[in-house]
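The values are calculated or read from the model by the stated rules, or taken from the named source; none is laboratory data. Just so it is clear, the structure is predicted and the values come from calculations on it, not from any experiment. Neighbour counts are summed over all protein chains in view; Cβ atoms, including those assigned to glycine, are modelled from backbone coordinates with ideal geometry.
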Amino acid sequence: MSDELVELMKKPEAMLNNAISTVGKKTAASLWVSFKRMLATASDPFFRKDMGERYFSLENQFSGIVVWIIGTLASCGMHAIGGGSQNKTAVLLTTACLGTGFALVALHWIWGRESLSKMRQFREQGEAYHSMSRGTLRWGNSSIVILMVATLVLLICNLFSAIFLVISYAMSAKLAAEQDAAIYGRYLDALDAQIEKEFLEKAILGKCPAEVTQLNKPLPADMNADLRENIAAAAVGKPVKIFAGKPRTGAPTPTANPTVI
């Protein structure tokens, strides 16, 4: 086979390899995003209760169970590969891994269903309860202690589930912080709107400090008074007056009242 033919065949092969590599990377990225979404609420039933049905839905219930099954199978596989089937320690660790995995799945299912049932009961009774509520702490101020103990136990016999538990708890805390920040942001928006309503026009005219609002500085004091008042009125959505210029000779005298738009 000539060198030219070999070189010609390499180009399609390289293109195919690049295409496969690109598809593989996109698939891996998509799977990771989906897995992170599953992780976000996987630990919540262990530490929270009475969660709103949009925050913790039936989909979150099943996705969380998938997370703990994946973590348990990965950990059991690690024990089996590392110790072999004849190693008593490996067998013991694998058994403990399966036991903790079963406990994670069972508790996630029981406590998750408990929260979903509570929300259904609230809706049937017509009780007001936010669908995005994160509920209340299951263990109160002892949540961190429970997390540390559970993580320590899982680190011994169910390593991947321990890692998932810590990551999930951190992601849940991040979601809580973002939710609180969004609510506080809505409060600040309403407060700023009220401040602008009361003080922005005065600040533009120099009748109160500019820093009370988001204004940088008031309008120049030597600006035409009517123009200053018009600009200030326009800034707060008030009617703006249009003043006609001086009438020409022979022109009819304008009315005394200005036009308001």
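Only one entry of ILE163, ILE195 meets the criterion of being of a type outside the set (Phe, Trp, Tyr), touching a residue at least 60 places away in the same chain (Cβ under 8 Å) and assigned to a helix (DSSP H, G or I), and that entry is ILE163. Among the helices (runs of 4 or more DSSP H) confined to segment 1-113, the ones with at least 3 residues that are hydroxyl-bearing (Ser, Thr, Tyr) and either in contact with an Asp or Glu (Cβ under 8 Å, 6 or more places away or on another chain) or modelled with pLDDT of 65 or more (or both) are located at 58-83. Could you tell me whether ILE156 is surrounded by fewer than 16 Cβ atoms within 10 Å (Cβ to Cβ) and without any contact (Cβ under 8 Å) to a residue 24 or more places away in the chain? In short, no.
Could you list all residues from segment 85-102 that are more than 15 Å from PHE160 (Cβ to Cβ) and either surrounded by 16 or more Cβ atoms within 10 Å (Cβ to Cβ) or in contact (Cβ under 8 Å) with a residue 60 or more places away in the chain (or both)? Selection gives ALA90 alone.
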